[in-house]
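Let me begin by presenting the structure, written as structure tokens, before commenting on it.
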Amino acid sequence: MKKGLTSCLTVLLCAGVLFAPTSFAADKFEVTASEVFDPYGILGPPTGEFLSFGTVKCPGYEPTGNPAQPCPVGSRQHTRDVVVKSRTESSDPAMSGWMTVVLNSNLDADGAGPVWGTFRTELDGGGIWEGTWQGLRTAEDGYWLAPLHVVGKGYGGLVDQMQMMGEDYIWSPFTPPIAYLGSISVRILDPK
């Protein structure tokens, strides 16, 4: 009988250890936002700016020197460290602010290929998101799509110690990124 009680007590203690942490689980919530980068006002009101045009290589060709068409038509384009400032807007203050994005890409003659970089979003209500993104840009019916996987961590203000992961679907009618629109959907984990 004593052995049976000891076994039951051991099982109950183990169950308590396994289930107790769930009451302390982090909060998870989803947030959507829009992103606009249109410094020349081509798609709407001017929003954002180029902070650096970075470097461009055109394998087999010389760069044109024209930011709107940096490589000759029909050639590949490799860009590194293009830096832009875009605007994110959301009904949730955890996603509204100015985002500085570092862009890198290896695009083929059709403007499609892998894209990657980093971001830093300074939120209007205080706090900063920093993280990385990567995706594959595709050409489709005269425009380009890039579903980007985004991972970030929050520092200070509204998002201190939070983590995010999700997608930013970018649409652009231009081969070089002189203007684009994004639709952001992220899951945020708040460990506090």
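Treating the angle as unsigned and between 0 and 90°, give the value, to the nearest 10°, between the Cα long axis of helix 2-19 and the longest Cα principal axis of the chain. Here the helix axis deviates by roughly 20 degrees. For the stretch 70-83, backbone phi angles converted through the Karplus equation (6.51, -1.76, 1.60; θ = phi - 60°) give residue-by-residue couplings of x, 10, x, 3, x, 9, 6, 9, 10, 10, 9, 6, 6, 10 Hz, Gly and Pro being listed as x. Amide H to amide H distances under 5 Å link residue 71 with 64, where only residues 5 or more positions off or on other chains count and H is placed in the peptide plane.
In this structure the amide hydrogen of residue 144, modeled in the peptide plane, comes within under 5 Å of the amide hydrogens of 172, 174, none closer than 5 places in sequence on its chain. For the chain, averaging the sequence separation of C-alpha pairs within contact (under 8 Å, six or more residues apart) and dividing by the residue count gives a relative contact order of 20 percent. For residue 54, nonlocal amide neighbours, meaning residues 5 or more places apart or on other chains whose placed amide H falls under 5 Å from its own, are 83. Sequentially through the stretch 104-121, phi angles give Karplus couplings (6.51, -1.76, 1.60; θ = phi - 60°) of 9, 7, 10, 9, 7, 4, 8, x, 10, x, x, 9, 7, x, 10, 9, 9, 10 Hz, Gly and Pro residues having no value and appearing as x.
Throughout, read-outs are computed from the coordinates displayed, never taken from laboratory work. These numbers come from a predicted model, not from an experiment.
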